[in-house]
Amino acid sequence: MPRGVAVDRVGNVYFSDYSYSRVWKLAPVPNFCNYVASTPAVQAGTGGSLSITVTTATGCNWTASSDLPWASISSGSSGSGNGTVSLTIGSNVAGQARTGSIVIAGQIVSLTQNGAGCTYAFNAARQAFGPAGGPGGVMLTVMPSSCSWSISSAASWITLTSPANGTGTANVTYSRADNPFAARTSALIASGGQARVTITQSGVPAVVWQNQSTRQVTVNYFGGPGGASLTGWDWLHAAQDVAGWRVVAVADFDGNGVPDLVWQNDSTKQVTVNYYGGPTGTTIIGWNWLYLVGPGGWHIVGAGDFNGDGVPDLVWQNDTTNQVTVNYFGGSGGATLIGWNYLYPQGIPGWHVVAVADFNSDAVPDVVWMKDDTHQVTVHYFSGPDGTTFSGWNWLNPGGVPGWHVVAASDFNGDGVPDLVWLNESTSQITVNYYGGTGGATLTGWNWLYPGGSSNGWSVVH
């Protein structure tokens, strides 16, 4: 009687006697048809052609069928032996991945296609306005036209006047409020950040002072030709209750259109933000931690919106290596750290960052450096989606100004280009140097802000 049974790779059947001394091949050879369909890769959302191979024995017949509306068989719907099934994959305009299955030679073959993705683009990266309120508009181009979109404003002083949701290319309109405060920047954001337009509005030129002994803080307002005439002042922090803390940046973190004060502790390096509001923008309306635990050996050198989400980010410089990073913020009150990146992973020996402002009007802040000994000044331009792509540099002051150093960069004459504020190290006199031209790097004039200087331990912090 048979003892063992075996099948070879092509389907022939063999059996042996009890002692395995004799082996017979079963005749006729039965037709064992096994089918293998290749596994397709994930398909691109743009669609295209797809080939799936069928492997089986000679003489084995098979068919292929698809009920998917986005995957149709273009050839190879039937065959015998090895073969190929060709499909046409449609574009996935939904923006989300989709899955389905087809049947080939009795095998269920799964298909996955990524979303084609909807593309969004404003026809302007940046729009700049004067301090007066008024209407604004920008075109949002959406591809494909079936894609839906949403628009949001990152600040309360920018209000949408067109629908906040829609489908296809559209004209987005908005209004902006009057700006009685310092220059401000925010953004309109499309579909969760897939496109944005930065909106800058000039305001009243201002200089923020801090007393180095009492740590009190004031703001001085300017106007007139070139924004160089002192028109008034107010307290920002009149109490003498912040010993060991100093103001390191001024920017609107909560999006209400009023600049807020960023404070850093001298020893612990902890950082807070004090929110301001009220008719004159000088009323403290709250505060929040930015860094409950401060990074030792680093200090804040400026603030600006590098990633274009309408929330200021903080620029840090290492005390020893001069490395520079940007820390991105978002969330409620702009007080949630959402990431960071290097601006200068190597640092620049003998130079320090003295200001952060957008000189070339590309909606990305640039970094102003001053040489420690000669007081020469340069501007380094940045670009890219996260604002960390170095895109060039220029001189702002190639000769330097002995005995003077830069303390701030702000647009005093209302031309949309930041100007440099200089402080005399012995007399505390203050001037403003106006800039314009290509890349905002051409000195166009200057004026006194404080020809008599200041005394009693006060210094400019912004």
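What does the extension gain come out to for Ser80 and Thr63, with contour length at 0.36 nm per residue minus their alpha carbon separation?
Extra length available between Ser80 and Thr63 comes to 5.2 nm.
What is the Cα centroid distance between region 284-358 and region 202-231, reported in whole angstrom?
23
How high is the relative contact order of region 383-462, given as a whole-number percent (alpha carbon pairs under 8 Å, six or more residues apart)?
Normalised by residue count, the contact order of region 383-462 is 23 percent.
Thr46 to Cys33: extension gain in nm, 0.36 nm per residue of separation minus the Cα-Cα distance?
Details: separation 13, 0.36 × 13 = 4.68 nm, distance 3.66 nm.
So the chain would gain 1.0 nm between Thr46 and Cys33.
So for region 312-462, taking the charge dipole from beta-carbon charges (+1 Lys/Arg, -1 Asp/Glu), which of Ala441, Ser391, Val354 sits furthest toward the positive end?
Value computed over the given set: Val354.
With +1 on each Lys and Arg Cβ and -1 on each Asp and Glu Cβ, how big is the dipole of the chain about its Cα centre, in debye rounded to the nearest 20?
On the way: 13 positive and 24 negative charges, 358 e Å.
Result for the chain is approximately 1720 debye, rounded to the nearest 20.
From the phi of every residue in region 203-212, what ³J(HN,Hα) in whole Hz does the Karplus formula 6.51 cos²θ - 1.76 cosθ + 1.60 yield, where θ is phi - 60° and glycine or proline is x?
Along region 203-212, the couplings run x, 8, x, 8, 10, 9, 10, 9, 7, 6 Hz.
Give, in nm to one decimal, the length gained when the segment between Ser150 and Ala164 is fully stretched (0.36 nm per residue of separation minus the Cα-Cα distance).
Working it through step by step, the gained length comes to 4.5 nm.
Can you order the peptides 291-301, 422-432 by their average number of other Cβ atoms within 10 Å per residue, highest first?
Details: 291-301: 15.7, 422-432: 17.6.
Descending packing order for the listed peptides: 422-432, 291-301.
Name the residue farthest towards the positive end of the dipole of the chain from the options Leu343, Trp149, Ser410, assuming +1 on Cβ of Lys and Arg, -1 on Cβ of Asp and Glu, about the Cα centre.
Result: Trp149.
R0 = 41 Å: FRET efficiency of Ser101 with Met139, Cβ-based, nearest 0.05?
0.45
Excluding Asn288 itself, calculate the net charge of residues whose Cβ lies under 15 Å from the Cβ of Asn288, where each Lys or Arg counts +1 and each Asp or Glu counts -1.
Around Asn288, the charge tally is -3.
Of all accessible surface on the chain at a 1.4 Å probe, what whole percent is carbon and sulfur?
54
Between region 235-269 and region 418-462, what is the C-alpha centre distance in whole Å?
Each part's Cα centre sits 22 Å from the other's.
With r defined as the distance between the Cβ atoms of Asp415 and Thr112 and R0 fixed at 51 Å, what FRET efficiency is calculated, to the nearest 0.05?
That pair, Asp415 with Thr112, gives E of 0.40.
Just to confirm a number: summing +1 for Lys and Arg and -1 for Asp and Glu over residues other than Pro135 whose beta-carbon lies under 15 angstrom from that of Pro135, what do you get?
Summing Lys and Arg as +1 and Asp and Glu as -1 gives 0.
Modelled label-to-label distance, Asn424 and Gln346, 7 Å Cα→beta-carbon offset: nm?
Spacing of the two 7 Å Cα→Cβ label points: 3.9 nm.
For the chain, what does the accessible surface come to per residue with a 1.4 Å probe? Please give it in Å².
Averaged over the residues of the chain, the accessible area is 45 Å².
Order 214-224, 62-72 from most to least packed using the mean count of other Cβ atoms within 10 Å.
Working: 214-224: 18.5, 62-72: 16.2.
Top of the packing list down: 214-224, 62-72.
Express in whole angstrom the spacing between the alpha-carbon centres of region 374-402 and region 154-175.
Region 374-402 and region 154-175 have Cα centres separated by 35 Å.
What ranking, highest mean first, results for peptides 34-42, 78-86, 410-418 when packing means the other Cβ atoms within 10 Å averaged over each residue?
Top to bottom by mean Cβ count within 10 Å: 410-418, 78-86, 34-42.
The values are calculated or read from the model by the stated rules, or taken from the named source; none is laboratory data. The structure presented is a predicted model; accordingly, all values stated were derived computationally and were not measured. Positions of Cβ are backbone-derived with ideal geometry, glycine not excepted, and every protein chain shown enters the neighbour counts. In case anyone asks, the SASA skips ligands and DNA or RNA and just uses the protein heavy atoms, side chains included. Shrake-Rupley method; radii C 1.70, N 1.55, O 1.52, S 1.80 Å.
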